[in-house]
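Comments concern the structure below.
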Amino acid sequence: MQVGDIYFNSKIDDPDFKVCDDNNVLQYYNFGNGIQYEGEKLAINKYFIGELKSKGLKKDTGYITIRFIVNCEGRLGRFRVQEMGNDFNEKEFSSDLKNQLLNLTKGMSGWMVGEHQGKSYDYYQYLTFKVEGGSLVEIMP
């Protein structure tokens, strides 16, 4: 067990999502290749900017981080959402914005399988969305 591990929660997680090795889920940066997404960060930005419907959203400001696991088959699961204001204290965003970002993240199909020395691994990934006045202004990492 390590700090930040995402364990299966029957109340919120898809029971069909499986990791290959629950005891060895790596961090995305362990592969030394940056973000493991087809088209890299440019494609991620384009996807969210094109799909997010911000009209009529509450004028929230702060950060929404979505953490998840990409398994050894490239499937996504065990999503967790953390919300905070610009002061990095907990904050609750509008459910519309939060749900849109979560559902869009769940729908991303370009995550690559984590590989090292010819072996496939599960790994943790996150996306942090910087929001100002209800508009998405940056996606990290």
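Restricting to the range 112-141, name every residue that is at positive phi and surrounded by 15 or more Cβ atoms within 10 Å (Cβ to Cβ). GLY134, the sole residue that qualifies. Taken together, GLU73, GLU138 contain a single residue that is part of a strand (DSSP E or B), at pLDDT 90 or above, within 21 Å of TYR28 (Cα to Cα) and out of contact with any Phe, Trp or Tyr (no Cβ under 7 Å at 6 or more places or on another chain), which is GLU138. Can PHE88 be described as among the aromatic types (Phe, Trp, Tyr), out of contact with any Gly (no Cβ under 7 Å at 6 or more places or on another chain) and on the phi > 0 side of the Ramachandran plot? When the stated conditions are applied, PHE88 passes them.
Just one of the numbered conditions (1) assigned to a strand (DSSP E or B); (2) surrounded by 15 or more Cβ atoms within 10 Å (Cβ to Cβ) is not true of ILE44: (1).
Would the range 57-69 turn up any residue that is surrounded by fewer than 11 Cβ atoms within 10 Å (Cβ to Cβ), free of Cβ contacts under 8 Å to residues at least 24 places away in the same chain and farther than 14 Å from TRP111 by Cα? Full working, then the answer.
Taking the range 57-69 and keeping what is surrounded by fewer than 11 Cβ atoms within 10 Å (Cβ to Cβ), we get 59.
Cutting the leftovers down to free of Cβ contacts under 8 Å to residues at least 24 places away in the same chain gives us none.
So far as the range 57-69 goes, no, none of its residues is surrounded by fewer than 11 Cβ atoms within 10 Å (Cβ to Cβ), free of Cβ contacts under 8 Å to residues at least 24 places away in the same chain and farther than 14 Å from TRP111 by Cα.
Out of the residues in the range 90-111 that are over 18 Å from LEU57 (Cβ atoms) and surrounded by fewer than 16 Cβ atoms within 10 Å (Cβ to Cβ), state the one that is farthest from the chain's Cα centre (by Cα). It would help to see each step written out before you state the result.
Taking the range 90-111 as the starting set, the residues that turn out to be over 18 Å from LEU57 (Cβ atoms) are 90, 106-111.
Then keep just the ones that are surrounded by fewer than 16 Cβ atoms within 10 Å (Cβ to Cβ); that gives 90, 106-107, 109-110.
Working: GLU90: 18, LYS106: 8, GLY107: 11, SER109: 12, GLY110: 12 Å.
Among them, the one singled out is GLU90.
Only one of the numbered conditions (1) surrounded by fewer than 16 Cβ atoms within 10 Å (Cβ to Cβ); (2) free of Cβ contacts under 8 Å to residues at least 40 places away in the same chain is not met by GLU73, and that is (2).
Any residue at all in the range 5-28 that is out of contact with any Cys (no Cβ under 7 Å at 6 or more places or on another chain), outside any loop (DSSP other than H, G, I, E, B) and closer than 22 Å to GLU138 by Cβ? Explain how you work it out, then say what you get.
Taking the range 5-28 and keeping what is out of contact with any Cys (no Cβ under 7 Å at 6 or more places or on another chain), we get 5-19, 21-28.
In the following step, the residues that additionally are outside any loop (DSSP other than H, G, I, E, B) were identified as 26-28.
From what is left, the residues that are closer than 22 Å to GLU138 by Cβ are 27-28.
Within the range 5-28 (the criterion being out of contact with any Cys (no Cβ under 7 Å at 6 or more places or on another chain), outside any loop (DSSP other than H, G, I, E, B) and closer than 22 Å to GLU138 by Cβ), the answer is yes, since at least one residue qualifies.
When the range 1-53 is filtered for residues that are polar (S, T, N, Q), modelled with pLDDT of 85 or more and over 16 Å from VAL70 (Cα atoms), the ones remaining, listed by number, are ASN9, SER10, ASN45.
The values are calculated or read from the model by the stated rules, or taken from the named source; none is laboratory data. Quick caveat, the model's predicted, so the values are computed rather than measured. A quick note on method: Cβ atoms are made from the backbone with ideal geometry, for glycine too, and the neighbour counts reach across all protein chains shown.
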